[in-house]
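Below is one structure; the comments refer to it alone.
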Ligand SMILES: Nc1ncnc2c1ncn2[C@@H]1O[C@H](COP(=O)(O)OP(=O)(O)OP(=O)(O)O)[C@@H](O)[C@H]1O
Ligand SMILES: [Mg+2]
């Protein structure tokens, strides 16, 4: 089983958006996927409950033990995750994806989080690999340049920048993902996802 944790203690940074789309991408490849939601708000679990049954199956997760051993475990995590719970979540995942939005508040909170990550044993020993994603980025803006500077200094690889697009909001509403929609609606966005999909090895 391979596992990806999506984490950033900053609220609203895009964790659930990334986790649900990643889970759906892996399911679209025919992989058996569990989407675990560590957040009491249960946003990912709610998305899964709205997911149309004819789409590729993603299994939810309740309780402590996994009911099935999937090919992939995708873990969505809550805002404010820290301390032992953060360390335990990182220990479960060989890959950690951190979304960051181009705002001073987001970068400040994320900077503190990255300092904590760097000190964690699993990351120091390279058992878990961390990668950053710029979220809701308009490359024409000054804040996009500020985010790029911030991410370059972060010492973890920056995989891609995803634009601010209504398709993400609509997908959340309908329990679907970019990877369930007609390519004509999503080509530009999936192009932006490509480096992240390469990083997770296309589900293999
Ligand atoms: N690239 C994007 N374009 C447009 N809207 C986006 C994008 N990414 C996220 N959003 C929207 O921003 C809001 C916050 O995103 P999301 O719920 O994924 O963040 P989160 O980190 O999971 O939040 P929380 O910390 O509350 O769990 C949602 O309404 C989501 O639809
Ligand atoms: Mg969330």
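Table for the structure above
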quantity: Qualifying residue in region 156-167 (condition: without any contact (Cβ under 8 Å) to a residue 12 or more places away in the chain, under 23 Å from residue 56 (Cα atoms) and within 16 Å of ligand 2 (Cβ to nearest atom)); calculated: no
quantity: Tally, over region 118-136, of residues that are within 16 Å of ligand 1 (Cβ to nearest atom) and at positive phi; calculated: 1
quantity: Any hit, region 138-145, residues being in contact with a helix residue (DSSP H, G or I) (Cβ under 7 Å, 6 or more places away or on another chain), within 20 Å of residue 189 (Cα to Cα) and at pLDDT 95 or above; calculated: yes
quantity: Members of region 168-186 found to be touching a residue at least 24 places away in the same chain (Cβ under 8 Å) and within 21 Å of residue 198 (Cβ to Cβ), listed by number; calculated: 168, 177, 178, 179, 180
quantity: Within region 1-57, tally of residues that are away from ligand 1 (no atom under 16 Å from the Cβ) and either surrounded by 15 or more Cβ atoms within 10 Å (Cβ to Cβ) or in a strand (DSSP E or B) (or both); calculated: 12
quantity: Neighbours by Cβ (under 8 Å, 6+ apart or cross-chain): first from region 39-57, in contact (Cβ under 8 Å) with a residue 24 or more places away in the chain and within 18 Å of residue 8 (Cα to Cα); second within 12 Å of ligand 1 (Cβ to nearest atom) and in a loop (DSSP other than H, G, I, E, B); calculated: 39/77; 39/78; 39/79; 40/78; 41/78
quantity: Boolean, residue 142 is without any contact (Cβ under 8 Å) to a residue 60 or more places away in the chain and over 18 Å from the mean Cα position of the chain (by Cα); calculated: yes
quantity: Scan of region 175-204 for residues that are surrounded by 15 or more Cβ atoms within 10 Å (Cβ to Cβ), assigned to a helix (DSSP H, G or I) and in contact with a strand residue (DSSP E or B) (Cβ under 9 Å, 6 or more places away or on another chain), ordered by number; calculated: 189, 192, 193, 195, 196, 199, 203
quantity: Any hit, region 60-74, residues being away from ligand 2 (no atom under 16 Å from the Cβ), within 16 Å of residue 175 (Cβ to Cβ) and either in a helix (DSSP H, G or I) or under 19 Å from the mean Cα position of the chain (by Cα) (or both); calculated: no
quantity: Test: residue 99 is within 15 Å of ligand 2 (Cβ to nearest atom), modelled with pLDDT of 95 or more and surrounded by fewer than 23 Cβ atoms within 10 Å (Cβ to Cβ); calculated: no
quantity: Candidate set: region 127-139, residues that are more than 15 Å from residue 14 (Cβ to Cβ) and within 19 Å of the chain's Cα centre (by Cα); chosen: the one surrounded by the most Cβ atoms within 10 Å (Cβ to Cβ); calculated: 130
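The values are calculated or read from the model by the stated rules, or taken from the named source; none is laboratory data. Remember, it's a predicted structure, so these values are computed and weren't measured experimentally. Every residue, glycine as well, gets a Cβ built from its backbone with ideal geometry; the counts of neighbours run over all protein chains shown.
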